[in-house]
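These notes are about the structure you will find just below.
The values are calculated or read from the model by the stated rules, or taken from the named source; none is laboratory data. Nothing here was measured: the structure is a model prediction, and the numbers come from that model. Heads up, the Cβs are rebuilt from the backbone with ideal geometry, glycines too, and the neighbour counts pull from every protein chain shown.
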Amino acid sequence: MQYDALIVGGGASGLMAACALALRGRRVVLLEKQGRVGRKLLSTGNGRCNLTNLNARVSDYHGSRAAAQAALRAWPPAKVLAFFEALGIPSAADEAGRVYPMSRQAASVLDALRLCCDENGVETLTDFAVAKLERRDGAFEATSADGRAVRAKFALVAAGGLAAPKLGACGDGCRLLEGFGHAIAPRFPAIAALKTPPQAVRGLKGIRAEVEIALLVDGEAVREEAGEVLFGEDGVSGIAAMQLARQANEALRGGRRCEVRLNFMPGVNAEGALRARARKLSKRRMEDFLNGIVPKRLGQALVRAAGLEMAAPAGELAGARLSALARRLNGWTLPVAGTQGFDQAQVTAGGARLKDFDIRCMQSLRCPGLFAAGEVLDVDGDCGGFNLQWAWSSALMAADGIDAALTK
Ligand SMILES: Cc1cc2nc3c(=O)[nH]c(=O)nc-3n(C[C@H](O)[C@H](O)[C@H](O)COP(=O)(O)OP(=O)(O)OC[C@H]3O[C@@H](n4cnc5c(N)ncnc54)[C@H](O)[C@@H]3O)c2cc1C
């Protein structure tokens, strides 16, 4: 049987495109490498699935911003949410615009997509790892690693990127597109913990702190975030830190120097505050002096980093030593050696370059009839629902494009 469309990858974008096409009566086959579809979707938003973000703007995206803009115009968050509502998934936004299903369960989002596929005749073939995708005799043929073949008039590559290989990520999507002459922008982890030399954060594992955090490239702040960070064995994580990973990787790949600056007393002049505190707590030993401002072990690390004597009484804190400690509180600066790799990252930066696509419908300019959507393409978003928004909206654009081409 020849289908109208074959879709490589049963993740967020593949499932969405399958639903959209099947709801219009198109015959769709969804090919998924793993034993079940949508595994990564189940892990999103800590199992709650941050579906999209009502405040999504083009500046929340990296890579091809033109494509991100086109997708936000064609399928903005409100329109995507109306689609989900029609699938039986009402949603609600938090104060930052992050939208979750009303059930607060990623499983219900996956179920709705799966059920829509089943109810509308999508043929889902799991354990079908597409090894080859070819255009032959006016149609596309996908062949699995074990030699099964499927044919369709149109093909959509929605096989994702490299982040989280345990959930199915691999390089197949880009590899298949390369076979049609597509150029691939270098891929590296985005939204991942920052790595520092282990000695810089020794003894701080497990400590959390509310901070303002900045990424410095060659000494200049290029991005600032606020929120909770979590110290690890060899770095810092937490959303505020992980948001800086893309730019850190970009800078390090360009041979530039990267540092992260942590302000533990945002909005407070630490020098003045410490002077008053030293007068008030003059007998307190330095090792306990910052207790109450920051967690104890962190306070001791800052005192040590400022080169101060642990046993000295706070009453002696003045002049250059006071300034040195205040600088650590308002801007402790640690070298960034890299980020966690794809195994721990949430998103892939880079991917198939959008210059080779008609970004109004995500159709290949190299091979008419071939489409792509989601993380396989060179668009990635910040943390907060922007990546799924891109997966849904680019998939819906591709489905619109395939549907229009089938109507011709
Ligand atoms: C832990 C975690 C939490 C996240 N939380 C959020 C969140 O809350 N909000 C948000 O916006 N984003 C989140 N993201 C990012 C988001 O999940 C991805 O951006 C999104 O899933 C990308 O969709 P996709 O369809 O392009 O790729 P995927 O969802 O990765 O799907 C690709 C599918 O293709 C399959 N595949 C690969 N190769 C082949 C092949 N050769 N043949 C057949 N099938 C193949 C894979 O097995 C996979 O099922 C999170 C990511 C992670 C890892």
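Quick notes on this one:
So that you can scan it fast, the table gives a plain yes or no per residue for (1) touching a Leu at 6+ places or on another chain (Cβ under 7 Å); (2) at pLDDT 95 or above; (3) exposed (fewer than 14 other Cβ atoms within 10 Å of the Cβ); (4) not β-branched (Val, Ile, Thr):
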site	(1), (2), (3), (4)
Glu134	no, yes, no, yes
Asp137	no, no, yes, yes
Phe140	yes, yes, no, yes
Ala149	no, yes, yes, yes
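- Flag for Asp172 being surrounded by 19 or more Cβ atoms within 10 Å (Cβ to Cβ) and not assigned by TED's automatic domain parsing to the domain that holds Gly331: yes
- Residue satisfying all of: in segment 374-390; in contact with an Asp or Glu (Cβ under 7 Å, 6 or more places away or on another chain) and within 8 Å of the ligand (Cβ to nearest atom); farthest from Val109 (Cα to Cα) among these: Gly381
- Unmet requirement for Gly161, which otherwise passes all of (1) in a helix (DSSP H, G or I); (2) assigned by TED's automatic domain parsing to the domain that holds Val376; (3) not hydrophobic (A, V, I, L, M, F, W, C): (1)
- Residues of segment 109-132 classified as away from the ligand (no atom under 12 Å from the Cβ) and either of a type in the set (Lys, Arg) or in contact (Cβ under 8 Å) with a residue 40 or more places away in the chain (or both), total: 7
- Within segment 1-81, helices (runs of 4 or more DSSP H) holding 2 or more residues that are away from the ligand (no atom under 13 Å from the Cβ): 12-23, 65-74
- Taking the criterion of being more than 6 Å from the ligand (Cβ to nearest atom) and closer than 10 Å to Glu375 by Cβ, the residues of segment 154-172 that qualify are Gly161, Leu162.
- Residue list for segment 380-408, filter: hydroxyl-bearing (Ser, Thr, Tyr) and either surrounded by fewer than 24 Cβ atoms within 10 Å (Cβ to Cβ) or free of Cβ contacts under 8 Å to residues at least 24 places away in the same chain (or both): Thr407
- The criterion of at least 3 residues that are aliphatic (A, V, I, L, M) is met, among strands (runs of 3 or more DSSP E) falling completely within segment 172-250, by 184-190, 208-217, 220-232.
The rows are residues; the columns are (1) under 23 Å from the mean Cα position of the chain (by Cα); (2) of a type in the set (Val, Ile, Thr).
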site	(1), (2)
Leu6	no, no
Gly11	yes, no
Ala22	no, no
Gly25	no, no
Leu30	no, no
Val37	yes, yes
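- Residues of segment 235-250 include none that is surrounded by fewer than 18 Cβ atoms within 10 Å (Cβ to Cβ), charged (D, E, K, R) and out of contact with any Asp or Glu (no Cβ under 6 Å at 6 or more places or on another chain).
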